[in-house]
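The values are calculated or read from the model by the stated rules, or taken from the named source; none is laboratory data. Source: prediction; values computed, not measured. In this analysis, Cβ positions are derived from the backbone assuming ideal geometry, glycine residues included, and neighbour counts consider all displayed protein chains. These accessible areas exclude ligands, DNA and RNA; they are computed on the full protein's heavy atoms, side chains included. Shrake-Rupley method; radii C 1.70, N 1.55, O 1.52, S 1.80 Å.
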Amino acid sequence: MPQQQSVIERLLLRLAAWQLRAPWQVLLIGLVLTGTGAWLARGLELRTRFDQLLPDDQPSVLELKRLSERTAGSSSIFVVLEGADREILREEGGKLLPPLRAVGSPWVVSAEDGVQVARDFLLPRSGLFASVEDLQKLNKELDTQRKKAVGKALSLGLDDDDEEQKAPTFAELKEKFLGGKSATLEAAKDRYPDGYFQSKDGKTLVVLVRTGVTTGELERSREALAKVKEVVQRTLPDPAARGYHVGFAGDLVTGLYEYGAVLDDLVHVGTMGVALILGVIFIYYRRFRVLVPMAVTMFAGLTFTFGLTRLVIGHLNVITGFLVSIVAGNGINFGVLYVARFLEERRRGADLETAIKQAHLATWVGTLTAALAAAAAYGSLAVTQFHGFKHFAFIGTSGMLLCWLATYFLAPAVLVLQDRRWPIHGTVSTGSWFQRWRARPSAYERPFVFLVSRAPQAMAVLSLVVAAAGAIAFVLWLRADPIDYDMRHMQNDLGGGKELYRVAARAADVLGNNTESGMVVLANTPEEVPELVKTLEARRDAAPPDLKPFDGVHALQDFVPRDQEAKIPLLAEIRRKLLKARRQGGISDSDWKEMKELLPPENLKPYGLQDLPEDLARPFSEVDGTRGRLVFITPTNGKDDNDLHYLLRWADSFRLTRLPNGDVIRGSGRAVIFADILDAVLNDIPKAAAVSLSLTILTVFLAFGRGRAALEVVGSLAVGLLWLMLLLYLGRIKINFFNFVALPITFGIGVDYAVNVMQRVLNGGGVIPAMRSTGGAVVLNSLTTTLGYLALLGSVNQAVRSLGMIAVLGEVCCLTSAMVALPGWLMWRERVRHERTEHVPSRTPREVPGG
């Protein structure tokens with residue numbers, strides 16, 4: 001009686017009959033679907049902002065959105081002039097300011113070549129920042145000047161009848177006037193002595209342009225940069241003629257460059273991956289005709305996948321963008337196994353109809369199991385809270401299933417049409433050497449067959465020994481903390497951006513590293529800001545000296561001193577006495593040159609936040625003109641915010657501040673976003689890995705039942721994974737939120753090879769014949785997947801390369817385990833069983849119990 005067929009097998013046979021009867025009809029439907037997928041996929045947007053990797057309801061994401069909506073200067077452009085003449089640079093930079101400001105918001109919110117406005121307003125009022133006590137003391141010391149003149153340096157104290165007075169120096173006077181309250185005031189005198197954003201050697205001048213465009217808004221960012229460049233080119237038409245050159249930097253410029261680099265990288269990696277995959281298939285089969293069904297199904301699977309991604313998600317991110325190469329490498333494996341079985345049947349002499357139906361029936365269990373295992377591995381990432389992983393899960397899972405469907409729908413129709421036009425015959429024993437060479441099957445499995453057939457026990461024992469070493473290495477790897485805390489390992493190589501980063505470094509030298517790295521906190525009201533600043537400073541001061549989370553806390557209120565009504569009369573007296581001392585020769589020319597900038601104006605009046613000049617208040621102003629709610633927090637001097645250890649400490653110091661009145665102020669920005677990403681990854685790694693491994697094991701048991709075969713397949717996977725752990729430990733490879741996805745994916749994809757080997761062994765014929773018949777296709781499967789990952793090593797991004805490296809190592813380990821450890825174990829076990837059977841003494845009838 002014929003064996004009863006399952007529902008799936010009956011459906012596959014009906015599909016085969018349709019494909020044999022009307023292959024052009026099948027291909028036409030496939031072409032329409034593929035075209036639709038390609039049309040949808042063309043609209044996929046690439047999003048490169050890291051906050052888009054977190055859930056939309058994450059507090060840091062919500063706060064960052066609120067900040068972006070409220071702040072006027074969302075990004076910056078640095079126009080950097082470099083030349084030998086200090087005065088020419090100042091002159092040329094000054095020419096840019098009026099036309100840049102005329103561009104208007106949101107493209108140009110402000111344009112400045114220095115802090116002249118702040119200096120001109122604040123320095124004459126610097127005495128208001130001194131304490132009342134210091135002003136009273138200074139006033140008293142000035143009274144003693146009438147009794148005694150001083151020498152070269154400014155000396156404002158004289159011998160008194162009661163006690164000897166020590167004359168204050170200009171530095172002491174400056175300290176009293178500035179009061180140590182405002183870092184901006186100090187910068188006005190120290191960093192920019194003449195007020196310009198210019199290096200001390202005078203060879204670099206920066207025009208700082210602030211825009212109302214967020215760096216993630218690509219089209220608006222391009223337009224803003226284009227408008228600024230157009231102004232520069234129109235205003236400064238021939239910089240070389242005046243001995244300088246112009247460069248551009250800033251977070252908006254860097255963001256655009258990084259986006260372009262990522263986009264080019266995706267195209268490069270995807271193209272290289274597809275080319276490598278098709279190339280290795282051609283080398284294996286040595287026939288262009290075999291590439292046709294492979295290419296058709298791979299392209300269809302990719303367009304289906306990314307068309308569906310457009311409908312469901314709508315965009316790609318910096319992690320999922322590289323899935324083209326990965327899905328292609330994994331998804332083409334189903335076609336490899338199907339075509340291999342079809343060619344095997346035809347070369348045995350089976351007719352076309354039999355070959356197609358047999359290929360359907362003989363491969364669907366193994367390929368579907370592989371597809372489900374891979375889909376389970378990808379799908380395990382859906383349990384995370386990290387959008388980067390969730391989207392990766394959806395695209396990878398749907399990609400595996402759609403590639404499987406594309407294979408069984410389109411590949412048979414292509415093969416039917418090809419075979420009817422160019423029939424495949426049996427093994428060629430005659431003809432030219434080229435025909436015989438091309439007809440000879442590739443032998444990718446030979447090295448593995450050689451090792452296992454000659455020393456199965458040694459291979460099995462050696463595999464287990466190395467696996468034991470891997471188990472020890474895994475424990476040591478975990479104890480050493482396998483997380484990579486260096487953000488520089490997740491950045492792009494400089495490549496074509498060397499000039500951009502050089503110009504950015506020059507701008508940072510002039511402006512200070514905190515220009516772009518400082519974080520912003522938005523208070524509920526301006527009245528809360530002093531208490532917020534006080535609370536944050538207390539938090540900073542309470543930290544140990546080597547663990548200070550940040551340096552400074554700056555607010556617009558810093559520029560509005562207290563007790564102005566009490567200080568103004570004292571400052572009027574000090575002004576009068578200083579002018580009198582100058583007239584009487586008590587103050588030298590050199591001291592007076594610096595001191596007159598600090599001299600209080602004659603008509604000094606109290607002022608508030610609304611009286612501050614626009615240029616000074618703009619960084620602390622919101623889009624609706626509200627002043628005084630923004631607080632800037634600058635990182636600790638000497639600390640690298642690429643160090644996630646420090647970044648976590650910095651983020652935790654201001655992400656949530658509870659004021660004495662009970663109000664809660666949340667902070668966000670780059671520090672908090674990256675801290676939340678790392679926290680999400682650390683929480684999700686064990687969960688995703690456990691789900692992936694559990695689903696993979698469940699898939700294996702569903703395919704093989706609860707017998708020994710399932711345990712041996714899972715054991716083969718375990719050996720491969722332990723080998724991988726050994727390599728990660730020896731290679732000192734650490735995990736980051738890019739490359740982590742390689743681990744759960746390896747579980748589901750790495751088990752495929754053991755599944756296919758075991759399935760062929762169970763079909764009968766022995767281990768070595770099974771390796772010879774299916775081993776080449778298994779190795780080819782691994783090669784296509786490996787090459788898909790290997791293409792990632794050509795990325796300009798270090799994190800993407802590390803993802804490719806871990807995935808390649810996982811593939812190599814799991815394939816070797818399936819082709820060496822598993823067959824070696826199976827042969828050793830069979831040999832031991834055979835030897836035991838031979839040594840069991842045969843029983844005579846009299847020896848039978850009960851006989």
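Values as computed for the structure displayed
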{"read-out": "Verdict on residue 598 being part of a loop (DSSP other than H, G, I, E, B) and open to solvent by less than 20 Å² (accessible area, probe 1.4 Å)", "value": "yes"}
{"read-out": "Search result, residues across segment 457-475 that are of a type in the set (A, V, I, L, M) and open to solvent by 70 Å² or more (accessible area, probe 1.4 Å)", "value": "462, 464, 465, 472, 475"}
{"read-out": "Which numbered condition residue 744 misses (of (1) open to solvent by 40 Å² or more (accessible area, probe 1.4 Å); (2) touching a residue at least 12 places away in the same chain (Cβ under 8 Å))", "value": "(1)"}
{"read-out": "Top-ranked residue in segment 111-126 [being outside any helix (DSSP H, G or I) and touching a Leu at 6+ places or on another chain (Cβ under 8 Å); ranked as farthest from residue 669 (Cα to Cα)]", "value": "113"}
{"read-out": "Any hit, segment 308-317, residues being open to solvent by less than 10 Å² (accessible area, probe 1.4 Å) and within 30 Å of residue 56 (Cβ to Cβ)", "value": "yes"}
{"read-out": "Residue list for segment 225-264, restricted to those being in contact with a Phe, Trp or Tyr (Cβ under 6 Å, 6 or more places away or on another chain) and either outside any helix (DSSP H, G or I) or buried (at least 20 other Cβ atoms within 10 Å of the Cβ) (or both)", "value": "249, 250"}
{"read-out": "Lone unmet requirement of (1) part of a helix (DSSP H, G or I); (2) closer than 30 Å to residue 318 by Cβ for residue 385", "value": "(1)"}
{"read-out": "So residue 100, is it open to solvent by less than 20 Å² (accessible area, probe 1.4 Å), out of contact with any Lys or Arg (no Cβ under 8 Å at 6 or more places or on another chain) and either outside any loop (DSSP other than H, G, I, E, B) or on the phi > 0 side of the Ramachandran plot (or both)", "value": "yes"}
{"read-out": "Residue identified as modelled with pLDDT of 85 or more, assigned to a helix (DSSP H, G or I) and charged (D, E, K, R) among 652, 679, 684, 615", "value": "652"}
{"read-out": "Matching residues in segment 635-666 - criterion: being small (Gly, Ala, Ser) and touching a Phe, Trp or Tyr at 6+ places or on another chain (Cβ under 8 Å)", "value": "651, 653"}
{"read-out": "The listed residue being without any contact (Cβ under 8 Å) to a residue 40 or more places away in the chain and not in a helix (DSSP H, G or I), out of 371, 350", "value": "350"}
{"read-out": "Near pairs, Cβ below 8 angstrom, 6+ apart or cross-chain, from segment 323-344 (over 30 Å from residue 388 (Cβ atoms) and in contact (Cβ under 8 Å) with a residue 24 or more places away in the chain) to any residue that is β-branched (Val, Ile, Thr) and not in a helix (DSSP H, G or I)", "value": "343/424"}
{"read-out": "Filter pass, residue 46 being among the aliphatic types (A, V, I, L, M), in contact with a Leu (Cβ under 9 Å, 6 or more places away or on another chain) and not in a helix (DSSP H, G or I)", "value": "yes"}
{"read-out": "Residue among 708, 670 that is open to solvent by 50 Å² or more (accessible area, probe 1.4 Å) and either among the β-branched types (Val, Ile, Thr) or over 30 Å from residue 759 (Cβ atoms) (or both)", "value": "670"}
{"read-out": "Pairs with Cβ under 9 Å, 6+ apart, first in segment 720-736 and closer than 14 Å to residue 813 by Cα, second part of a strand (DSSP E or B)", "value": "728/735"}
{"read-out": "Subset of segment 538-562 that is at pLDDT below 90 and of a type in the set (Asp, Glu) - its residue that is least open to solvent (accessible area, probe 1.4 Å)", "value": "558"}
{"read-out": "Residue satisfying all of: in segment 32-78; within 18 Å of the chain's Cα centre (by Cα) and of a type in the set (Asp, Glu); least open to solvent (accessible area, probe 1.4 Å) among these", "value": "51"}
{"read-out": "Residue in segment 776-794 that is among the polar types (S, T, N, Q) and either over 24 Å from residue 279 (Cα atoms) or touching a Cys at 6+ places or on another chain (Cβ under 6 Å) (or both) present", "value": "no"}
{"read-out": "Odd one out for residue 266, checked against (1) of a type in the set (A, V, I, L, M, F, W, C); (2) farther than 19 Å from residue 778 by Cα; (3) at pLDDT 85 or above", "value": "(3)"}
{"read-out": "So residue 763, is it touching a strand residue (DSSP E or B) at 6+ places or on another chain (Cβ under 8 Å) and either at pLDDT below 85 or buried (at least 23 other Cβ atoms within 10 Å of the Cβ) (or both)", "value": "no"}
{"read-out": "Answer from 351, 419 - the residue that is open to solvent by 30 Å² or more (accessible area, probe 1.4 Å) and farther than 17 Å from residue 312 by Cα", "value": "351"}
{"read-out": "Any hit, segment 701-719, residues being closer than 26 Å to residue 64 by Cα and either under 24 Å from the mean Cα position of the chain (by Cα) or in a helix (DSSP H, G or I) (or both)", "value": "no"}
{"read-out": "So residue 573, is it surrounded by 13 or more Cβ atoms within 10 Å (Cβ to Cβ) and part of a helix (DSSP H, G or I)", "value": "yes"}
{"read-out": "Only one of 89, 81 that is among the aliphatic types (A, V, I, L, M), outside any helix (DSSP H, G or I), within 13 Å of residue 197 (Cα to Cα) and in contact with a Ser or Thr (Cβ under 8 Å, 6 or more places away or on another chain)", "value": "81"}
{"read-out": "Residues being among the basic types (Lys, Arg) and closer than 19 Å to residue 392 by Cα - total across segment 689-713", "value": "0"}
{"read-out": "Pair list, Cβ under 6 Å, 6 or more apart: segment 588-608 residue over 14 Å from residue 572 (Cβ atoms), other residue open to solvent by less than 40 Å² (accessible area, probe 1.4 Å) and of a type in the set (S, T, N, Q)", "value": "598/126"}
{"read-out": "Which listed residue is buried (at least 18 other Cβ atoms within 10 Å of the Cβ), of a type outside the set (Asp, Glu) and within 30 Å of residue 483 (Cα to Cα), from 617, 675", "value": "675"}
{"read-out": "Hey, residue 29 farther than 26 Å from residue 684 by Cβ, surrounded by 12 or more Cβ atoms within 10 Å (Cβ to Cβ), of a type outside the set (D, E, K, R) and modelled with pLDDT under 90 or not", "value": "no"}
